[in-house]
Each structure stands twice: as structure tokens, then as C-alpha cells.
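Okay, so here's the structure we're looking at.
The values are calculated or read from the model by the stated rules, or taken from the named source; none is laboratory data. Computed from a predicted structure; not experimentally measured. Cβ sites come from the backbone with ideal geometry, for glycine too, and all protein chains shown count toward neighbours.
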């Protein structure tokens, strides 16, 4: 029998990495230099790989002949429960790096804890992906410092990116009702200690980058309930184009 | 950006016990970034377990014009190859 809480939790984790992976894949062929083009594409592949593992697990829970492809290709906006930060536009390289760094601060510590989940499959996925996330965090933190403590222009762009993106950081640490129930059985990760670790890392890197966190941060939220920003429809339009034009097509 | 960033030569060791081998070059602002870039560009298909980087300008190369003086004199000195010994049958892999 399907555990609704676990199913929702699985999809929510999958949607985060699916959408961020898709966003990063938009850089492929457009990176500022070849080295970073490849680096961002590698991270995109890591994230989509993690999403696949989670969607496969969701399909197994749901049964009824569902496959991993049904979730990314056949759900409409309201059914997606990713956090808003991952759907934000790539913008310039600074915007992409800040979005990535903020997500990595959450993602790495979250996976580290998920690898100790009492749910065997979740623990497996966490242990597999945490190695990748560790590199992502190293990569994005490195660029935070280089660009923040770089030239006048790179610093200004990074500061702008921080101010644009911080609104979406806190949502990553707000558990859904289903998630909170799963924390009690040790299946889901308790976000409170993750938040402490993520902020410690954030503050450390912000300081080294000579950047400043904005003082009054209004937290945008809604993604976990299917309420998305205006960018989301465009992502799905591209991601789901083939399935919408040729339903159930295979290749 | 590439115009401003120095070029690094990348060496990868494919497994323990083997030596680092030159695989190519890339642009980076300093050695640390060169290592990260090399990880992303040259080890995506499990090519290596260790990376060395060195700025290309720090490599001193021999001059092709010296070829005659450098290498030609060795041509008629075959006795420098250890091919004039009788090897016992027990010795393998020579």
C-alpha cells in the first residue's frame, strides 16, 4: 500500500533536483568559457541522475504501471512541489552561481542526513548523491569567493544576485506537513539542524567573498504547494514539449 | 575571459602505480581552479585518480632547431641499447 507522505516527500525531493538540473542544462553550449560550460553540464547531469533515482522510487511506490518519465513529463504546474529557488532564471553567471551555491548549502547537508534515513531506498539515494553534492558545494563556493572578491564589476553582479536570490533560501528549510510526520519515523530529514549548518556555511563563504547578506529578507514561498513563480510555465513548456505535442511518444 | 586567464597543462594519473600523463591544457586563473576545471574536463569518464597542473609558461621546451645537435648523434650508437646480451630463458618481460 502506498504511503502518501513518503510518496509526496519523494516527489518533492525529486522535483528540486529535476528543475535545477534542467535550468543548468540550459547553459550547455552557452557557458562563458568551455571549462565552465562542461562544469555546469556535469552538475546538471548529476542532479538529473539524482532526480531519476527518486522518480523511479516514486513510480515503484505508486505502481499502476507508472514509470520515472511520468512525473517530469506528464504533470502540470500545480502538481510540481519543488522549492521556488530552483526555477529562478539562469540570468548572468553570477545569478547562476549564487542560486547554485544557496541550493548546495542546503542540498549537501540534507543529503548527508538523508543517507541515514530509516527508509533504505532514501538512505541509498542520499549516500550515492552526497558525493556529487560535495563537489557542487566546493565548486560554487569557490566561484562565490572568486567573483565576490574579484573585480569591481564581478563584485557588484554577485551582490545583486545575492539580493535577488536570498528571498528563496528560507523556503528550503520549511517542512511540509507530510515531511514533518516522516521526520518522526526517521524517514525524512529534520530540517532544523540542516538549516544551522547551511547558514554557517553561507555566512563563512559570504564573509570570504566580501559580500553582504541583505538585512530585511522577505521569504518567498509556495513551491511546495504547487504555487510557482512566473518562470515555471516556460520551463515546463520546453521540458514537456515532445510529450504534449505527441502524447506517449517514445524514442 | 580566456584571453585574460593563463594556460595550464594538465597531467592525469589513470591508476595507482602509473605515472601522470599529459592529457591537454585549459585556462584557469590559478592552480586551484585549474585542478577543478581539469576534474570537470578530463576526468568525466573515470580517466583518472590524480591530477597535476602546471602553468604552461613554466615549462621550458627544447628548441626544434636543435634537433640535429641533440638527437642525431645517437643514431649510430646502437650499442647503447642493451641488445647485445644473451638472455637466459628464465628471464621474462625484457
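For the criterion of being within 14 Å of another protein chain (Cβ to nearest Cβ) and modelled with pLDDT of 90 or more, residue B:40 passes. Across the stretch A:149-174, the qualifying residues are those that are within 14 Å of chain B (Cβ to nearest Cβ) and part of a helix (DSSP H, G or I), and the one among them that is surrounded by the fewest Cβ atoms within 10 Å (Cβ to Cβ) is A:153. Taken as a whole, the structure places residue A:73 among residues that are surrounded by fewer than 21 Cβ atoms within 10 Å (Cβ to Cβ), out of contact with any strand residue (DSSP E or B) (no Cβ under 6 Å at 6 or more places or on another chain) and closer than 18 Å to residue A:22 by Cα. Among the residues of the stretch A:23-40, at least one is away from chain B (no Cβ under 14 Å), buried (at least 17 other Cβ atoms within 10 Å of the Cβ) and assigned to a helix (DSSP H, G or I).
Filtering the stretch B:54-76 to residues that are in a loop (DSSP other than H, G, I, E, B) and modelled with pLDDT under 90 leaves B:75, B:76.
Looking at the structure I just gave you, is residue B:24 touching a helix residue (DSSP H, G or I) at 6+ places or on another chain (Cβ under 9 Å), more than 14 Å from chain A (Cβ to nearest Cβ) and either surrounded by 12 or more Cβ atoms within 10 Å (Cβ to Cβ) or without any contact (Cβ under 8 Å) to a residue 12 or more places away in the chain (or both)? No: the conditions fail for residue B:24.
Each row is one residue, and each column tells you yes or no for (1) touching a strand residue (DSSP E or B) at 6+ places or on another chain (Cβ under 8 Å); (2) more than 30 Å from residue A:41 (Cβ to Cβ).
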{"position": "B:18", "(1), (2)": "no, no"}
{"position": "B:21", "(1), (2)": "yes, no"}
{"position": "B:33", "(1), (2)": "no, no"}
{"position": "B:37", "(1), (2)": "yes, no"}
{"position": "B:41", "(1), (2)": "yes, no"}
{"position": "B:46", "(1), (2)": "no, no"}
{"position": "B:82", "(1), (2)": "no, yes"}
{"position": "B:87", "(1), (2)": "no, yes"}
{"position": "B:92", "(1), (2)": "no, yes"}
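Filtering the stretch A:23-40 to residues that are over 19 Å from residue B:5 (Cα atoms), in contact (Cβ under 8 Å) with a residue 60 or more places away in the chain and touching a helix residue (DSSP H, G or I) at 6+ places or on another chain (Cβ under 6 Å) leaves A:24, A:27. Checked against (1) crowded, with 24+ Cβ neighbours inside 10 Å; (2) not in a helix (DSSP H, G or I), residue A:90 passes all but a single condition, namely (1). Taken as a whole, the condition of being within 30 Å of residue A:135 (Cβ to Cβ), within 14 Å of chain A (Cβ to nearest Cβ) and surrounded by fewer than 10 Cβ atoms within 10 Å (Cβ to Cβ) applies to residue B:4. When you check residue A:119 against the structure, is it at pLDDT 95 or above and buried (at least 21 other Cβ atoms within 10 Å of the Cβ), yes or no? Judged against the criteria, residue A:119 is not a match. Among the residues of the stretch A:95-123, the ones that are in contact (Cβ under 8 Å) with a residue 24 or more places away in the chain and in a helix (DSSP H, G or I) come to 20 in all.
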